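Written out below as structure tokens is the structure these notes cover.
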Amino acid sequence: MIQILVKELNGFLNSLIAYIVIAVFLTGIGLLMWVFPDTSVLEYGYADMETLFTLGPYVFMFLIPAITMRMFAEEKKAGTIELLLTKPLTDWQIILGKYFSGWLLVIFAVLPTLVYYWSVYQLGDPVGNVDTAGVIGSYVGLILLGGLFTAIGILSSLFTTNQIVSFITAVFLCFIFYSGFQSLASIDVWGNWSPFLEQLGILYHYNALSKGLIDTRDVVYFASMIGLMLMFTKLILGSRKW
């Protein structure tokens with residue numbers, strides 16, 4: 001697994017993909033937090049990081065599929081996946097190596113936003129008047145969300161040899177799992193089933209973590225969904241029918 005992880009990270013770092021993804025994420029979030037009047041912290045009158053944690057997932061929906069779209073699709077198109085599968089590596093080692101390399105890149109993209117937290121911390125009146133517990137919970141939620149979107153992206157990349165198709169599929173699935181269930185639950189036809197449908201979606205658990213209370217149920221939800229996506233990836237890869 002380590003060999004695959006290092007290989008994928010080197011592939012990212014030796015190309016422009018990693019740098020473009022990180023730059024686009026930080027620039028986009030920076031503009032939303034500090035420049036655009038409708039979302040700028042400077043226009044709120046109080047110090048918080050709601051902009052980052054509210055709009056960050058929607059930025060992730062496009063950036064993470066851009067990271068993962070090549071992982072299996074490019075291997076299949078180039079014909080190198082057969083060579084990879086003949087090496088003394090299990091399917092799980094291949095999948096987890098690719099998965100953790102993508103997730104690490106997402107974490108690297110998030111880490112510089114701690115500068116935004118320091119800035120908001122200094123802007124508080126008095127200094128430090130910020131909901132630190134809520135920020136920590138939101139960061140945990142954002143990183144877990146990045147892990148889940150990465151798992152979805154890798155699964156989507158295994159469906160096709162076309163990176164664009166992989167990208168579009170991953171964006172669609174990330175959107176459906178993130179806010180689709182909440183939208184579905186809001187339709188007034190489900191009765192007592194509405195809360196259950198809402199809890200199937202990512203947004204419910206992400207919002208719960210953003211309140212600063214790291215509930216094991218929310219962490220287990222993300223871990224279970226990541227495991228489920230990786231399990232589907234293993235089943236498809238193991239069948240050798242793609």
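Any chance you could count how many residues in segment 205-242 are loosely packed, with under 15 Cβ neighbours inside 10 Å, within 27 Å of THR90 (Cα to Cα), at pLDDT below 90 and out of contact with any Ser or Thr (no Cβ under 9 Å at 6 or more places or on another chain)?
4
The conditions are (1) buried (at least 17 other Cβ atoms within 10 Å of the Cβ); (2) within 24 Å of the chain's Cα centre (by Cα), and ILE81 fails exactly one of them. Which is it?
Tallying (1) buried (at least 17 other Cβ atoms within 10 Å of the Cβ); (2) within 24 Å of the chain's Cα centre (by Cα), ILE81 fails exactly one: (2).
For every residue, the table says whether it meets (1) surrounded by 14 or more Cβ atoms within 10 Å (Cβ to Cβ); (2) within 29 Å of GLN163 (Cβ to Cβ); (3) at pLDDT 85 or above.
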site	(1), (2), (3)
GLU50	yes, no, no
MET61	yes, yes, yes
THR68	yes, yes, yes
GLU75	yes, yes, no
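Report yes if some residue within segment 21-29 is touching a helix residue (DSSP H, G or I) at 6+ places or on another chain (Cβ under 7 Å), under 30 Å from TYR121 (Cβ atoms) and aromatic (Phe, Trp, Tyr); otherwise report no. First the steps, then the outcome.
Keep residues of segment 21-29 that are touching a helix residue (DSSP H, G or I) at 6+ places or on another chain (Cβ under 7 Å), which gives 21-22, 24-26, 28-29.
Filter once more, keeping what is under 30 Å from TYR121 (Cβ atoms): 21-22, 24-26, 28-29.
With the extra rule that they be aromatic (Phe, Trp, Tyr), the set shrinks to 25.
There is at least one residue in segment 21-29 that is touching a helix residue (DSSP H, G or I) at 6+ places or on another chain (Cβ under 7 Å), under 30 Å from TYR121 (Cβ atoms) and aromatic (Phe, Trp, Tyr).
Determine, yes or no, whether VAL41 is among the β-branched types (Val, Ile, Thr), farther than 27 Å from PHE159 by Cβ, out of contact with any strand residue (DSSP E or B) (no Cβ under 9 Å at 6 or more places or on another chain) and surrounded by 20 or more Cβ atoms within 10 Å (Cβ to Cβ).
Answer is yes for this residue.
State all residues of segment 1-22 that are part of a loop (DSSP other than H, G, I, E, B) and either in contact with a Cys (Cβ under 8 Å, 6 or more places away or on another chain) or surrounded by 15 or more Cβ atoms within 10 Å (Cβ to Cβ) (or both); if no residue qualifies, say none.
Within segment 1-22, just MET1 meets the criteria.
Any residue at all in segment 23-41 that's part of a helix (DSSP H, G or I), farther than 30 Å from LEU89 by Cα, more than 22 Å from the chain's Cα centre (by Cα) and not charged (D, E, K, R)?
From segment 23-41, those part of a helix (DSSP H, G or I) are 23-34, 41; that's our starting set.
Checking the rest, the ones that are also farther than 30 Å from LEU89 by Cα come to 23-34, 41.
Pick out the ones that are also more than 22 Å from the chain's Cα centre (by Cα) and you get 34, 41.
Right, trim to not charged (D, E, K, R) and you get 34, 41.
Scanning segment 23-41, I find at least one residue that is part of a helix (DSSP H, G or I), farther than 30 Å from LEU89 by Cα, more than 22 Å from the chain's Cα centre (by Cα) and not charged (D, E, K, R), so the answer is yes.
Of all residues in segment 116-155, which are more than 30 Å from MET225 (Cα to Cα) and either assigned to a helix (DSSP H, G or I) or touching a Pro at 6+ places or on another chain (Cβ under 6 Å) (or both)?
Within segment 116-155, TRP118, SER119, VAL120, TYR121, GLN122, LEU123 qualify.
Six or more apart or on different chains, Cβ atoms under 9 Å: show the pairs whose first residue is in segment 153-179 and farther than 16 Å from ILE81 by Cα and at pLDDT below 90 and whose second is among the hydrophobic types (A, V, I, L, M, F, W, C) and assigned to a helix (DSSP H, G or I).
Listed pairs, sorted by first residue: SER179/ILE202; SER179/LEU203.
Restrict the check to segment 91-112 and report whether at least one residue is farther than 28 Å from ASP215 by Cβ, touching a residue at least 40 places away in the same chain (Cβ under 8 Å), of a type in the set (Asp, Glu) and not in a helix (DSSP H, G or I).
No; the residues of segment 91-112 include none that is farther than 28 Å from ASP215 by Cβ, touching a residue at least 40 places away in the same chain (Cβ under 8 Å), of a type in the set (Asp, Glu) and not in a helix (DSSP H, G or I).
The values are calculated or read from the model by the stated rules, or taken from the named source; none is laboratory data. None of the values given here were measured: they were computed from a predicted structure. In this analysis, Cβ positions are derived from the backbone assuming ideal geometry, glycine residues included, and neighbour counts consider all displayed protein chains.
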